[in-house]
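Right, one structure below, let's go through it.
The values are calculated or read from the model by the stated rules, or taken from the named source; none is laboratory data. Because the structure is predicted, anything quoted here is derived from the model rather than measured. All Cβ positions, even for glycine, are placed from backbone atoms using ideal geometry, and neighbour counts span all protein chains on display.
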Amino acid sequence: MFKKLILIFTVFLFFTKANASIYIVDNYVFISSIEKIKKNRDFVIKEIKQKSLNDFLKSITIKSDFKSLGKIKNYQEYFKLFIVKNEYKKNNKYELLCKIEFDKIKIESFFKKKNIKYIGFKSNPILAIILNKKNDKLDIWPSEKFDLYWGKVSNNLLNIFPPNGDLTDIKLLNNINIRSYQIARLDKIASNYGVRDYIFILFDSDSLNKKENVFVKSQFNELKTSKKYDLADFNQINLNLFFEKVSYDLNNSWKEIQILAPAKVTTLLFDYKLNKLSDYSFIKGIFKKNKNIDTIRDIEITNQLYSGKIIYSGTLEQLKEFFYDEGFVYSRNGSRFYLSKK
């Protein structure tokens, strides 16, 4: 029970984060040279603004639309806030850490004039499972290592969180076959955290010749994709480069799915037998536990029957499985289904 409360609280925090404005970009890093800063600091600030705007527009559009934008004139008008939070020398380079707020209204107006499709929100929470495989054994990444690499990603639209707490109860390592991890039931693991989308990354030290030794699988809006990457070794420099690349690829994949293949939404009518008045509150509470049920509407409530309508995003197989796990039998007749206790 305590663990379930922790999981619910964790996911709630990420839903809150998902609602945060994408137009505020904190900790934006720009690298220049000491010579440039000394010679003309104002010119460097101009470079930061132009690049940060370009990076931001690239992050919320798909590749084909971004290419059609061309060079942005009057870039200054698209900023509401620009602050250099910190700056420091690093070897022969000069790094500036900035906080930026872009003007949402002006950018959306700009896209409307250009007839550009874009993403105006961050994702719902996405479970990220990262494993090391060595000597045919799987080890999950600790949260500290997870934060070290994902935390550096700028303009990231994906609200990613690692598995939390004791994982033995979901048998994560035991359920993933070390020789056929491509077909692991990762959706089952994600459902234990109250989410449907996931990212699975496996660093395989056992791969011969170090070819295709990183396997990445993701699911966004029920659409699964997988890809393999090559890394010469798993040192910090290579891991930084890898996460920069894979986060870019995953963000693009998620954006394109939201724009071109948004989540399927199904409207279903239901009947549920009432034996007493408290049964109505009980079944409403069951519905609210399912994160894929977006809306619950009452149609008719009598002494013996509760009829309503739900708007559901996800597959019907997942809905059936949810009701079964909660102790209900699901039977369907056309667009209406009937629920009863097992």
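Are there any pairs, at least 6 apart or on different chains, whose C-beta atoms fall under 6 Å, with the first in the range 264-285 and over 9 Å from Leu305 (Cα atoms) and the second of a type in the set (Lys, Arg), and if so, which? That search, which allows pairs on different chains as well, returns Leu269/Lys309; Leu269/Arg336. Could you list all residues from the range 282-298 that are more than 12 Å from Phe322 (Cβ to Cβ), part of a helix (DSSP H, G or I) and hydrophobic (A, V, I, L, M, F, W, C)? Residues satisfying the conditions are Phe282, Ile283.
Being farther than 20 Å from Phe161 by Cβ and not in a strand (DSSP E or B) is a description that does not apply to Asp271. Could you tell me whether Ser21 is under 26 Å from the mean Cα position of the chain (by Cα) and surrounded by fewer than 13 Cβ atoms within 10 Å (Cβ to Cβ)? Yes, satisfied.
The single residue among Lys276, Lys255 that is more than 20 Å from Ile129 (Cβ to Cβ) and loosely packed, with under 15 Cβ neighbours inside 10 Å turns out to be Lys276.
Within the range 208-248, the residues that satisfy the criterion of being over 17 Å from the mean Cα position of the chain (by Cα) and under 20 Å from Ser154 (Cβ atoms) are Gln236, Ile237, Asn238, Leu239, Asn240, Leu241, Phe242. For Ile183, the stated conditions hold: it is of a type in the set (Val, Ile, Thr) and modelled with pLDDT under 80.
Considering the conditions (1) surrounded by 14 or more Cβ atoms within 10 Å (Cβ to Cβ); (2) more than 30 Å from the chain's Cα centre (by Cα), Arg336 is excluded by exactly one of them, (1).
The residues in the range 299-342 that are aliphatic (A, V, I, L, M) and not in a strand (DSSP E or B) can be counted, and the count is 2. Scanning the range 64-84 for residues that are within 27 Å of the chain's Cα centre (by Cα) and either surrounded by 14 or more Cβ atoms within 10 Å (Cβ to Cβ) or in a strand (DSSP E or B) (or both) yields a count of 8.
Taken over the range 205-244, the criterion of being surrounded by 15 or more Cβ atoms within 10 Å (Cβ to Cβ) and in a helix (DSSP H, G or I) is satisfied by Leu239, Phe242, Phe243.
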